[in-house]
Amino acid sequence: FMTPSGVIAIVAGARLLSEQSKQPVHVLNLDSKVHNYLIRMNCIDQCSEWIVFESLNEAEWDRNIFTSNLLELTFIRNHSDVTLTIQTAERILEHWLRIPNMRNLLVVLSELCENIYEHSGDVNGCVLIQKYQVQSQGIVTIELAVGDLGCGVRNSLAARHRVEDQSSLQCLQFAFEGFTARVSGRGGLGLRRVRDIACATGGHLWIRS
């Protein structure tokens, strides 16, 4: 079983190890269902520079780029990538969810994606979206994951604030309070907005730096 956040964790971990060793990470004995999910999410092709999946047959997928069930692994390198992500996210969310502040959620997603190439310093940050459905209970869940190997919350805050004596949790709390590394001082509220929107719609927010 895999989730978007799990895929991004694998991609980030493999990238980190590959950059350190100058060799791709070889993945052995992967469960076939997990392997097929990674294929469907276009992880195998997109991450071939960092990950080699061995001893498994390639599954064939008839990809539908207009599906309302998922956004395949998408690297965010420029504004065009953000635009594509938002268009797909809007199609998925509007198809499955009925919430009053949908536009706010899309704005927040856009801000998080733009932060990847504008502030993190990582040229290979990525986003993934997946719809899950429990038909017996009539429940639909949308999981959206954004991740990068950029400077991190602590280093971002350190550009404008003294945080060397603060714990990782305190740094995350500062980020939620609107502290920012931007010279304008107008940024840094994205995480709080994500949290508030998630809570208002019965959702959850997980963050790690």
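The values are calculated or read from the model by the stated rules, or taken from the named source; none is laboratory data. The model shown is predicted, which means the values in this text are computed figures rather than measured ones. Cβ atoms come from the backbone with ideal geometry, glycine included; neighbour counts cover every protein chain shown. These accessible areas exclude ligands, DNA and RNA; they are computed on the full protein's heavy atoms, side chains included. Shrake-Rupley method; radii C 1.70, N 1.55, O 1.52, S 1.80 Å.
When the residues PHE66, PHE176, PHE1 are ordered by accessible surface, computed with a 1.4 Å probe over the protein chains alone, the sequence from largest down reads PHE1, PHE66, PHE176. Remark: segment 3-9, residue by residue, has Karplus-estimated 3J(HN,Hα) of 10, x, 5, x, 4, 5, 5 Hz, where x stands for each Gly or Pro and the curve is 6.51 cos²θ - 1.76 cosθ + 1.60 at θ = phi - 60°. Among residues other than LEU205 whose Cβ falls under 13 Å from its Cβ, what is the net charge (Lys/Arg +1, Asp/Glu -1)? Once positives and negatives cancel, what remains is +2. The mean accessible area for residues of the chain, using a 1.4 Å probe and ignoring ligands and nucleic acids, is 59 Å² per residue. In order along segment 24-39, the phi-based Karplus estimate (6.51 cos²θ - 1.76 cosθ + 1.60, θ = phi - 60°) of 3J(HN,Hα) comes to x, 7, 9, 9, 10, 6, 6, 4, 4, 5, 5, 4, 5, 5, 5, 5 Hz; Gly and Pro are listed as x. Close amide-amide hydrogen proximity is noted between LEU71 and ILE129, GLN130, each under 5 Å apart and 5 or more residues distant or on a separate chain (H modeled in the peptide plane; Pro and chain starts excluded). Counting pairs of alpha carbon atoms under 8 Å apart in space and at least six apart in sequence, what relative contact order in percent does segment 1-105 give? Normalised by residue count, the contact order of segment 1-105 is 22 percent. From most to least packed by mean Cβ count within 10 Å, the peptides 102-109, 158-165, 125-132 give 125-132, 102-109, 158-165.
From the helices alone, meaning DSSP H stretches of at least four residues, give me the mean residue ellipticity at 222 nm for the chain, per-run term -39500 (n - 2.57), in deg cm²/dmol to the nearest 500.
One gets -13000 deg cm²/dmol as the mean residue ellipticity at 222 nm.
Residue by residue, segment 195-209 carries 3J(HN,Hα) couplings of 4, 5, 5, 4, 5, 5, 10, x, x, 9, 10, 10, 9, 9, 10 Hz when phi is fed to the Karplus relation 6.51 cos²θ - 1.76 cosθ + 1.60 (θ = phi - 60°); x denotes Gly or Pro.
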